[in-house]
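Laboratory data are not the source of any read-out in this text; all were calculated from the coordinates shown. Predicted model only: the values in this text are computed from it and were never measured. A quick note on method: Cβ atoms are made from the backbone with ideal geometry, for glycine too, and the neighbour counts reach across all protein chains shown.
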Amino acid sequence: MQAHRVVVLTMRVQERQKRLEPAPAPQLAPHCTESIARIRDRENSYPVALPAGACRMTQGKQANVERDGVGYRHFRRFRNCLRMTTIPRWCLVTGAVLLITAAQWLISVLSRLTLGPTEIPADPLGKYPLAIQLVIGAVVAPFYETLIFQWACIRLLRRLRLEWRSTALVATILFGLAHGIYGRWLLGMFVTGGILAMVFITEARRTAGHPFWMTFAVHALFNALVFAMTSWG
């Protein structure tokens, strides 16, 4: 009897010890380790382990893309360059102005070589003094055009759950048609509207972007450059 009681007490002590022991940590799958901090800051990144249920990657996707490898970091950098969300704002504004200027010049040269001289709409501000032309052309017009064709148009289409490409296309078409249908002039306005929409969307996709003011700055600088070239050229 005493031996039986000793065995029973020993078993009870072992059960209590098992209950007091901490639960083992859950085993995480190797492919469920993602770096959340690397998305925000590639230089100072710390891997964060996600639960197996919260990981959306499958074994097949892991075979195609290595999440924590060097190749994936280069792939992410290349993708960010295509989205232009990592480009400094002054580079974005300067590059957009130069790109619009080069595109307008190229369209003008090609149209003259292929179609000859084409009709260009008369400037409605030509009858006003130069100071008024500069204020209206480089400040007032870019402000309300950015407000209508980029800010209001793209925000409205995004609320209708259209993707970025579709919203950029619609904003580009509306911007071009609003400036009149005059052959190469219309093509130039389409290109200008597309670049302005690209600048707006790029800034809108930043963490703390200023899409309206960056797009307005590009439009205003380009109009001021055209005004200077036509007035003193």
Length gained, residue 86-residue 158, 0.36 nm per residue minus C-alpha separation, equals 23.7 nm
Do any trypsin sites (Lys or Arg not before Pro) in region 119-223 lie in a loop, going by DSSP, with at most 11 other beta-carbon atoms within 10 Å of their beta carbon, and if so which? 127, 161
Relative contact order for region 88-232: what percent, with Cα pairs under 8 Å and sequence separation of 6 or more? 36
Globularity ratio of region 173-233, using Cα Rg and 2.2 N^0.38 Å: 1.27
Go through region 138-203 and name the GluC sites (Glu not before Pro) that are in a DSSP coil and have 14 or fewer other Cβ atoms within 10 Å of their Cβ. 163
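For region 88-232, just say rounded, prolate or oblate: build the C-alpha gyration tensor, square-root its eigenvalues into a ≥ b ≥ c, call rounded for a/c under 1.5, and beyond that prolate if a/b exceeds b/c, oblate if not.
The shape class here is prolate.
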Could you list, bin by bin from short to long, the percent of Cα-Cα pairs of region 102-185 in 10 Å steps? 15, 32, 35, 17, 2
